[in-house]
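A short worksheet on the structure shown next.
The values are calculated or read from the model by the stated rules, or taken from the named source; none is laboratory data. Because the structure is predicted, anything quoted here is derived from the model rather than measured. Cβ atoms come from the backbone with ideal geometry, glycine included; neighbour counts cover every protein chain shown. When the accessible area is computed, the model is the full protein with side chains, heavy atoms only, and any ligands, DNA or RNA have been set aside. Shrake-Rupley method; radii C 1.70, N 1.55, O 1.52, S 1.80 Å.
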Amino acid sequence: MARNKTLIVGNFKMNLGVGEASLYVHELSQLVKSHNDVEVVLAPTALALQTISLQVNHRQFKLAAQNFYWRDHGAYTGEISASQLRGIVQFGLVGHSERRHIFHDSDKDIRAKVQAAIRNHITPILCVGETAFERSEGETAAVLHDQLIGGLANVTSDELEEIVIAYEPVWAIGTGQNALPHDVSMAIRAIRNQIKHLYGAKASEEIQVLYGGSVTADSASDYLVLPDVDGLLVGGASLDAHAFSDIIKKAHKGLAAKR
Ligand code: PGA
């Protein structure tokens with residue numbers, strides 16, 4: 001994805017029912033102005049996607065699936081495919097740490113989901129990040145390397161243009177533990193280096209990379225001003241329409257400050 005817009009993604013996780021999510025989106029739409037330089041993406045429960053897709057102005061909000069299965073159809077009880085989400089969502093989270101660690105999504109699953117998203121014209125947001133233990137062992141760059149190789153194995157240079165990467169250190173997700181901006185910069189530089197190695201310098205400069213992990217309205221600007229950060233993936237703070245709209249406003253200002 002081109003880096004000309006800051007991407008602010010709100011991941012509601014398994015919170016808010018259909019009615020609540022719909023009310024929330026209505027409230028947020030009153031608080032947020034559309035800015036040409038900020039793309040706001042909402043990832044509510046899958047149950048609410050259809051309703052919200054009909055409700056929102058698509059110039060104001062895009063939608064994302066929190067998860068999907070990689071086959072397009074068939075006997076896979078309980079699953080939702082990217083082909084079923086096509087036309088409803090524009091983005092899909094892939095490899096979120098909760099999927100990797102709680103539901104054991106493997107590199108193979110993640111790679112197949114990236115492909116399924118691309119095949120169905122959904123932009124995958126490929127999440128990568130190290131655990132606290134890996135970090136303490138000094139393995140952050142190696143983990144990012146392996147997760148990128150695993151997720152992008154079948155992705156061509158042309159397809160890479162349709163992908164967003166999110167750096168989300170596992171220890172910072174939902175813990176209130178903020179990653180230091182310097183550490184985020186280092187990790188994202190390692191990600192861009194890996195992309196350079198795999199796809200060349202131009203691709204590494206052009207790929208859109210987000211930060212996620214306990215971002216709040218107070219801390220958002222600390223990350224948004226970093227030259228390598230092109231947006232945020234927000235969990236907990238996205239459930240509060242006022243906090244989330246503050247983050248969106250900061251993204252608009254942060255981009256202005258970077259230029
Ligand atoms: P958090 O979640 O902001 O609640 O840490 C981020 C995420 O899981 O994407």
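Expressed as a whole number of Å, what is the distance separating the alpha-carbon centroids of region 174-248 and region 107-135?
So the two Cα centres are separated by 16 Å.
Could you give me D for the chain, from Stokes-Einstein at 25 °C and 0.890 mPa s, where the hydrodynamic radius is the Kirkwood radius over C-alpha pairs? Units µm² s⁻¹, please.
135
Is region 39-173 rounded, prolate or oblate when judged by the Cα gyration tensor, a ≥ b ≥ c being the square roots of its eigenvalues, rounded requiring a/c under 1.5 and prolate requiring a/b larger than b/c?
Prolate, because a/c is 1.5 or more and a/b exceeds b/c.
Assign unit charges at the C-beta atoms only (+1 for Lys and Arg, -1 for Asp and Glu), then state the dipole size of region 6-258 relative to its Cα centre in Debye, rounded to the nearest 20. If you can, show how the numbers build up before the last one.
Details: 21 positive and 29 negative charges, 99 e Å.
Computed about the Cα centre, the dipole is about 480 debye.
Can you name the helices of the chain, as whole DSSP H runs, whose Cα span along the helix axis is 24 Å or more and whose Kyte-Doolittle mean is not below 1.6? The partial results should precede the final answer.
Numbers: long enough: 181-199 (26 Å, -0.34); 241-258 (25 Å, -0.12).
Passing helices, by number: none.
Using the Karplus curve 6.51 cos²θ - 1.76 cosθ + 1.60 with θ = phi - 60°, what ³J(HN,Hα) values do you get for each residue of region 154-163, in whole Hz, with x for Gly and Pro?
Per residue, the Karplus-derived 3J(HN,Hα) values read 9, 8, 7, 4, 5, 5, 4, 5, 9, 10 Hz.
Divide by every residue of the chain the summed helix terms, -39500 (n - 2.57) for each DSSP H run of at least 4, and state the resulting mean residue ellipticity at 222 nm, rounded to the nearest 500 deg cm²/dmol.
After summing the helix terms and dividing by the residues of the chain, the value is -13000 deg cm²/dmol.
Check the straight Cα-Cα distances from Lys62 and name the lysines below 17 Å, setting aside those fewer than 8 residues away within the same chain.
Cross-link targets: Lys5, Lys13, Lys33, Lys249.
Can you tell me which of 81-93, 104-116 comes out highest on packing, and rank the rest after it, using the mean Cβ neighbours within 10 Å?
Output ranking for 81-93, 104-116: 81-93, 104-116.
What aspartates and glutamates does Lys113 reach when the alpha-carbon gap must be under 13 Å and sequence neighbours fewer than 8 apart in one chain are set aside?
List returned: Asp72, Glu79, Asp105.
Amide H to amide H under 5 Å from Thr175: which residues, 5+ apart in sequence or cross-chain, H placed 1.01 Å off N in plane?
The list, which skips near neighbours in sequence, is Ser214.
Mind checking which aspartates and glutamates have their C-alpha under 14 Å from Lys250, skipping anything on the same chain fewer than 8 residues away?
By straight Cα distance, Lys250 reaches Asp37, Glu39, Asp218, Asp222, Asp230.
Net charge around Gly174, counting only other residues with Cβ within less than 13 Å of its Cβ (Lys, Arg = +1; Asp, Glu = -1)? Intermediate results must be reported in sequence, preceding the final value.
Values: positive: Lys13; negative: Glu98, Glu168.
Its environment carries a net charge of -1.
Roughly to the nearest percent, how much of the accessible area of region 6-258 is carbon and sulfur, given a 1.4 Å probe?
Accessible surface attributable to carbon and sulfur in region 6-258 totals 52 percent.
What is region 7-164's relative contact order, in percent, from Cα pairs under 8 angstrom and six or more apart in sequence? Please list the in-between numbers first.
On the way: 231 pairs, mean separation 27.9, N = 158.
Normalised by residue count, the contact order of region 7-164 is 18 percent.
Counting only heavy atoms of protein chains, what accessible area per residue, in Å², does region 6-258 have with a probe of 1.4 Å?
Accessible area per residue, region 6-258: 45 Å².
How do the peptides 26-37, 179-190 rank, highest first, by the average count of neighbouring beta carbon atoms within 10 Å per residue?
Those peptides, ordered most packed to least, come out 179-190, 26-37.
Sequence-distant or interchain residues sharing an amide H contact under 5 Å with Leu63, placed H: which?
Leu42, Gln90, Phe91
What is the sum of charges around His145, taking Lys and Arg as +1, Asp and Glu as -1, for the other residues whose C-beta is under 14 Å from the C-beta of His145? Write out the running numbers ahead of the final one.
Details: positive: Arg189, Arg192, Lys196; negative: Asp107, Glu130, Glu134, Glu139, Asp146.
Counting the neighbours of His145, the net charge comes to -2.
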